[in-house]
Amino acid sequence: MRIFTILLFILLLNSCKSEKKIEESIDNSVPERTELSYDSKIFLGNRLFSEKTCVTCHDIDTYFKAPSVIEIMKVYKENNADIVAFLKGNSKPILDVTASEIAIMQDNIDGFLKNITDEELNAIATYMMHVDELVKNR
Ligand code: HEC
């Protein structure tokens, strides 16, 4: 009887192990996402810039309700600044603008920008920083 119990115990142990193995193999089969290519970022960034309503205030090359994307890109390049950091609220605005303009953009940072993922913000920033090349190619 005791041998039987021990055998049963070993059997149980083994079945647990094999279940674990299956779980591990499922985990490993999930492919890791690599970073988006430059072209995909530009494509996605361009789309998000319209979809997320940025375009309702920021025109590409002329001041509309806010500084143009070209203007922002120039200042960010000159200062070697990070658009993603600004959009996440981690760095202060660097354009020469009025306090009320800053307040308008700050509302976006405190509001709907919180619902945009890091990957999407990164794509938007990549698009904004290369918008001059895209305009040239039009
Ligand atoms: C309701 C109008 C409005 C919308 C919508 C808007 N912006 Fe702005 N944005 C502004 C204004 C006004 C400024 C100028 C104030 C400032 O520079 O902080 C500005 C400034 C900026 C700046 C420069 C900040 C600096 O360093 O001075 C960036 C970058 C920017 N916006 C990105 C975006 C992106 C990306 C979106 C969409 C996700 C967006 N904005 C949507 C009005 C808007």
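Coordinate-derived values only; no laboratory data. Note that the structure is a prediction, hence the values are computed from the model and not measured. We place every Cβ from the backbone using ideal geometry, glycine too, and count neighbours over all the protein chains shown.
Using the Kirkwood radius over Cα pairs, work out the Stokes-Einstein diffusion coefficient for segment 38-136 at 37 °C and 0.692 mPa s, in µm²/s as a whole number. In µm²/s, the coefficient rounds to 243. In segment 51-69, whose amide N lies under 12 Å from the spot 7 Å out along Cα-to-Cβ of ASN108? List them in ranges. Only 51-60, 64-69 pass the distance filter.
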